[in-house]
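Notes follow once the structure below has been shown.
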Amino acid sequence: MNSKKIRTIGAVLLAVLVLVYVGYQGYLATHRSIQTETAMYGQVSDVLQAQSFIIRNEQVIDESANGVLSYRVADGTRVAQGGVIADVFSTEEDASAQRTIEQLDEEIEADRAAHGKNPLKLDEEIANLQALSQPADYFVANPSMLADQIYSAMEDVALGVNQNSFSQLTTWKESLLSALTRRQLITGEESAENLSQRISQLESQRSSLESQAGDSIGTISAPQAGYFISSVDGLESAVDVEDVENLTVAQVEELLSRDATRDSSAVGKICQDFNWYVACVFDEDDMVHLEGVDSVYLDIPFASTEQIPATVVARNYDKDSGDTAVVFQCSYMDSDIAAVRNEAVQVTVATYSGVLVNERALRFEDVEYTTTDEDGNPVTQVAENVRGVYVLYGGQLEFVQVFTDHSVNGYAICKTELSSEEQAALVTSSTIQLYDQVVVEGTDLYDGKVIS
């Protein structure tokens, strides 16, 4: 082989080495040997999911009605013994006209029982509009005060929606509309004549409906005091509430397998007791979360937007399957919850707040630290298996000790404010802080390592 070929091969090899070196440096420049996540403050909930069977002390109302029913009370409404729950009309037209009047009343409802006031009906809205239409009402109004009222009403609506609290939405809506109407009157965007026209329309609509609605031919009364529920599913007597705390895993599973059978002839039912129950089956892994827990919150996603406070009243373990029948006692009731029977439920065992750290970042290291002896002389000691994380500070790794009592959904909830006992146990210069860059993936990690 001549020297020219040797030089050619050598040049090619050198070019390849240069390319490999440049590529490697480029990879190092764009790819770190570690991955980090920012430590953020957050709130996480320990949540279990299960299928549930709802148990109430229910009495079916079998009273026959020769006509068309128009209910006076909504599902979940508390009724007294002997109180009227429905009117009987001779024709569907009479009942329909009556229901339309009631729907109008509901649509213009401006105040809720939660505020300790009676709801506004059709007559009262007309009176309100008449008051608004009086010149003295809006000419003396304070525009800046109205602006505050508008912003306050908008804030109530926004907070209610964000918190899934819709029970007072109608009240907030009416407050907002009333304030906006007053502002329109002051600015000239709305006139008293327009309001008078609206009043005339409402009065005409009411008169027309009243002329169409015939008198009721009878009423249905509540046989017992309790919550009224219009639907009947045939499972009202499936469980005696006196035996609810003794339910076994097999019994709950059998209840969950039952199908509802609607009874169209029944008027409805009365839930007599203030308390009602939710029965579920949990496996051994789930029961670890419920250990020592007495109070929880229940969510029924497909039935209600409200979070329901509940108490654990029974834990009945089945040694053959390893599962446990758990019974929760509840007292909160509304129209949506009143109708549920066999529904998926989410059990919020607890909610924790703190700095969230990915569990992949947690490591156990031996930490050398300095303390003093009785004479005040420095003494070097080693703390073994200290739980902590590596944090990237200015291109350099530092191991910091963390203190956490709970881990949920793959994240440890770490403390930033330490108790006196935790401060005494701290062997690193600090603990984790908000916005720290925490190493979640990497090899050959050690305190003081420089990361380029």
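Annotations
- Any hit, segment 306-315, residues being exposed (fewer than 14 other Cβ atoms within 10 Å of the Cβ), in contact (Cβ under 8 Å) with a residue 40 or more places away in the chain and either of a type outside the set (Asp, Glu) or in a strand (DSSP E or B) (or both): no
- Residues of segment 73-92 that turn out to be within 28 Å of Val327 (Cβ to Cβ) and buried (at least 17 other Cβ atoms within 10 Å of the Cβ), as a count: 4
- Screening segment 437-449 for residues that are part of a strand (DSSP E or B) and under 18 Å from Glu365 (Cα atoms) and picking the one that is most open to solvent (accessible area, probe 1.4 Å) gives Glu441.
- Test: residue in segment 392-407 that is under 22 Å from the mean Cα position of the chain (by Cα) and open to solvent by less than 70 Å² (accessible area, probe 1.4 Å): yes
- Selected residue (only one of Leu255, Leu235 is open to solvent by less than 70 Å² (accessible area, probe 1.4 Å), outside any strand (DSSP E or B) and over 17 Å from Asn316 (Cβ atoms)): Leu235
- Residues that are farther than 25 Å from Glu254 by Cα, at pLDDT 90 or above and open to solvent by 50 Å² or more (accessible area, probe 1.4 Å) are absent from segment 343-354.
- Count - residues of segment 238-249 that are part of a helix (DSSP H, G or I) and either within 22 Å of Gly322 (Cβ to Cβ) or touching a strand residue (DSSP E or B) at 6+ places or on another chain (Cβ under 8 Å) (or both): 5
- Entirely in segment 17-72, the strands (runs of 3 or more DSSP E) that have 1 or more residues that are over 30 Å from Tyr435 (Cβ atoms), open to solvent by less than 40 Å² (accessible area, probe 1.4 Å) and at pLDDT below 90: 58-61, 68-71
- Options Tyr277, Tyr297, Tyr332: the member that is surrounded by 14 or more Cβ atoms within 10 Å (Cβ to Cβ), aromatic (Phe, Trp, Tyr) and either within 30 Å of Val68 (Cβ to Cβ) or touching a helix residue (DSSP H, G or I) at 6+ places or on another chain (Cβ under 6 Å) (or both): Tyr277
- For segment 257-278, residues that are over 25 Å from Gln224 (Cα atoms) and modelled with pLDDT of 95 or more total 0.
The values are calculated or read from the model by the stated rules, or taken from the named source; none is laboratory data. Here the structure is a predicted model, which is why all the values come from computation and not from measurement. When we count neighbours, we look across all protein chains shown, and the Cβ atoms used for this are built from the backbone with ideal geometry, even at glycine. Accessible surface areas use protein heavy atoms only, side chains included; no ligands, DNA or RNA. Shrake-Rupley method; radii C 1.70, N 1.55, O 1.52, S 1.80 Å.
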